[in-house]
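The values are calculated or read from the model by the stated rules, or taken from the named source; none is laboratory data. Quick caveat: nothing in here was measured; it's all calculated off a predicted structure. Cβ placement follows ideal geometry from the backbone for every residue including glycine, while neighbour counts extend to all protein chains displayed. Just the protein is used for accessible areas: all its heavy atoms, side chains included, with ligands, DNA and RNA removed. Shrake-Rupley method; radii C 1.70, N 1.55, O 1.52, S 1.80 Å.
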Amino acid sequence: MAVYDPKSLKAEEFINDGEIQETLAWAEANKENWALIDSILEKARPKKTETGCVCSGLSHREASLLLACENPEKIQRMYEIAEEIKMAYYGNRIVIFAPLYLSNYCVNGCLYCPYHLKNKHIPRKKLTQEEVRAEVIALQDMGHKRLAIEAGEDPVNNPIEYILECIKTIYSVHHKNGDIRRVNVNIAATTVENYRKLKEAGIGTYILFQETYHKESYLKLHPTGPKHDYAYHTEAHDRAMEGGIDDVGLGVLFGLELYKYEFAALIMHAEHLEAVHGVGPHTISVPRVKKADDIDPGEFDGGIDDDTFAKLTACIRLAVPYTGMIISTRENQTVREKLLRLGVSQISGGSRTSVGGYAEAERPHDTEQFDVSDQRSLDEVVRWLMEQDHIPSFCTACYRAGRTGDRFMALCKNGQILNCCHPNALMTLCEYLEDYASPETKRIGYAMVERELERIPKDKVREIARQNIADIRSSNRRDFRF
Ligand code: SAM
């Protein structure tokens, strides 16, 4: 039987079933131990230091205990601390991105995904480079600067060379004042050599969702195809880091398996990356399984209601304070509104999940990966964020300035966010307002920018940001950053 070892490179040792079962039993036994819960909540709170503020995070056991706790007052306290952490490290910025579906050819048999090989009635489509260009122009015309590319797994139709060619095309398109400055990649687990190629192509984060950490369920949910290999999939982030990619993203497809199991394993995975590579995951995504072409989410065992989903999100925030959290348009406006207060730092907006969907005037459904719940335009999403006092940020500065992995974390810990990320967010928001926003969004946006500029602590930085914003408003000069 595998023994738990967070430093091991073997999936079943760092995501260890025995350790997860013990964690869940311990959490269940202690879920009304108020003194223990209070001490964990106290530990999770951000603490002020001379240079900024620090957060210790929580172990998978501590975080699992909070998740098991059902007391409304304690849950409310979790929400408050999640918001405190979010504000301490990320401030009120929300980074915006869009997914770009390149191809829905796939040789896997994933039971929750309509792109599975046996689905014979879904049209199969793979973008040509000309079509990639058209999609990117449509995305730039909306105002996007950051994409997450998505593709099924198919070594013949979507080999790594195809993905690399698409990345090159995406970065090469400069339409009007637009450009895509960061391409994150969500493709199937691959080899160290391929990760090295992705790194050389200039990608941002490599994102791979585990779907479920429960091995037995994983094998059933992925009955055929290369994705059936649990260890190869679970160890992919280690290979990506070995290939030189500093920023990796984790995620669970919630709804497939029991959420408490997934949660403990997800935090263990973060602990493993930190223990082995000295830096935890750059992001954690929290997708929930959705209705899709031939997929009914009701067929899976782990569906969770919105309140449980909110608690789970807050507990992730408390456990891994420095990790960005992503919520997509799988969730509707109401859920997104609540989760933004609980520590989410990135959202997608104006998304289409079909191959070639952005270049179409009407939202196409035939090749969609899942139903999009939040169908508002990017302009509506940007305005809505500002109305809730979040700054929509199109910033991509960190990775372009080499602040990836632990260097990004250092920025967070030194409290330099307000002198760096905050002005970058405001400058990129101004680019959006100037080039793409509707008159009403522009009005609300510039009022917000005026208010928020005053919050920059260093006089010099504030002055430069003001000057750059004046340039953005009066000329075509773009892409300023600290
Ligand atoms: N083919 C790559 C892989 O296997 O990791 C890329 C994945 S796919 C384009 C992106 C993600 O969509 C998957 O990892 C899965 O979690 C999610 N997904 C698939 N079917 C879904 C559904 N019905 N509802 C919500 N999310 C789904």
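Among the numbered conditions (1) in contact (Cβ under 8 Å) with a residue 40 or more places away in the chain; (2) open to solvent by less than 30 Å² (accessible area, probe 1.4 Å); (3) touching a helix residue (DSSP H, G or I) at 6+ places or on another chain (Cβ under 7 Å); (4) within 16 Å of the ligand (Cβ to nearest atom), tell me where Val185 comes up short. For Val185, the failing item is (1).
Inspect all residues belonging to region 38-48 and state whether any of them is modelled with pLDDT under 95 and surrounded by fewer than 18 Cβ atoms within 10 Å (Cβ to Cβ). Among the residues of region 38-48, at least one is modelled with pLDDT under 95 and surrounded by fewer than 18 Cβ atoms within 10 Å (Cβ to Cβ), which makes the answer yes.
So in region 188-203, with the set limited to residues that are within 16 Å of the ligand (Cβ to nearest atom) and in a loop (DSSP other than H, G, I, E, B), which one is nearest to the chain's Cα centre (by Cα)?
Of region 188-203, the ones within 16 Å of the ligand (Cβ to nearest atom) are 188-191, 194-195, 198, 203.
Okay, now just the ones that are also in a loop (DSSP other than H, G, I, E, B), so 188-191, 203.
On the way: Ala188: 16, Ala189: 17, Thr190: 20, Thr191: 22, Ile203: 15 Å.
Among them, the one singled out is Ile203.
Here Ala410 passes the criteria (1) more than 18 Å from the chain's Cα centre (by Cα); (2) touching a residue at least 24 places away in the same chain (Cβ under 8 Å) except the one numbered (2). Going by what's in this entry, would Tyr105 be described as within 20 Å of Gly357 (Cα to Cα) and either touching a residue at least 40 places away in the same chain (Cβ under 8 Å) or assigned to a loop (DSSP other than H, G, I, E, B) (or both)? Yes; evaluated as a whole, the condition is true for this residue. Of the residues examined, Tyr446 is one that is open to solvent by 20 Å² or more (accessible area, probe 1.4 Å), among the aromatic types (Phe, Trp, Tyr) and either in a helix (DSSP H, G or I) or in contact with a helix residue (DSSP H, G or I) (Cβ under 8 Å, 6 or more places away or on another chain) (or both).
Only residues that are under 17 Å from Ile304 (Cα atoms), in contact with a strand residue (DSSP E or B) (Cβ under 6 Å, 6 or more places away or on another chain) and assigned to a loop (DSSP other than H, G, I, E, B) were counted in region 331-349, giving 0. Scanning region 243-258 for residues that are in contact (Cβ under 8 Å) with a residue 60 or more places away in the chain and in contact with a Leu (Cβ under 8 Å, 6 or more places away or on another chain) yields a count of 3. Within region 268-301, the set of residues being away from the ligand (no atom under 14 Å from the Cβ), open to solvent by less than 20 Å² (accessible area, probe 1.4 Å) and assigned to a loop (DSSP other than H, G, I, E, B) comprises Val279, Gly280, Pro281.
Scanning region 205-217 for residues being out of contact with any Lys or Arg (no Cβ under 9 Å at 6 or more places or on another chain) and either within 12 Å of the ligand (Cβ to nearest atom) or not in a loop (DSSP other than H, G, I, E, B) (or both) gives a total of 8.
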